[in-house]
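Visitor: Dropping a structure here in structure tokens format, bear with me for questions.
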């Protein structure tokens, strides 16, 4: 690393050594669900989102394949790590419903009255 020098009244002095603090291996994540309840889980620094979803499935019961997680408004991709989305302790992850598109044929036709039923002022 580069040298660090402080100015003092008598000249330049070397900076004191700053200890390197390693981040903890796990951090706390609060997962909020649409119905209002939430759970606290610990995520590893190198844990993938897909592994985190599987652990959520064991805790909460929702199948991992239909879970959709957001952190800071960003959809969490399964190949990345949880730590790449969340800062650390106290991060909030939203579990939102995974809405499926339906066929247009299954949507019922809206009611349209015949011309004789229209009211005119």
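Visitor: Let's test the formula: R0 of 22 Å, r as the Cβ-Cβ distance of residue 79 and residue 57. What FRET efficiency results, to the nearest 0.05?
Guide: With a Förster radius of 22 Å, E is 0.80.
Visitor: Taking 25 °C and 0.890 mPa s as the conditions, I'd like the Stokes-Einstein D for the range 26-97 in µm²/s, using the Kirkwood hydrodynamic radius from alpha carbon pairs.
Guide: 207
Visitor: Just want to confirm a number: the relative contact order over the range 26-97, from Cα pairs under 8 angstrom separated by 6+ residues, in percent.
Guide: Here the relative contact order equals 42 percent.
Every read-out reported here was derived from the displayed coordinates using simple, explicitly stated rules and does not represent laboratory data. Just so we're clear, the structure is a prediction, and the values are computed from it rather than from any experiment. Ideal geometry is used to build each Cβ from the backbone, glycine not excepted, and the neighbour counts take in all protein chains shown.
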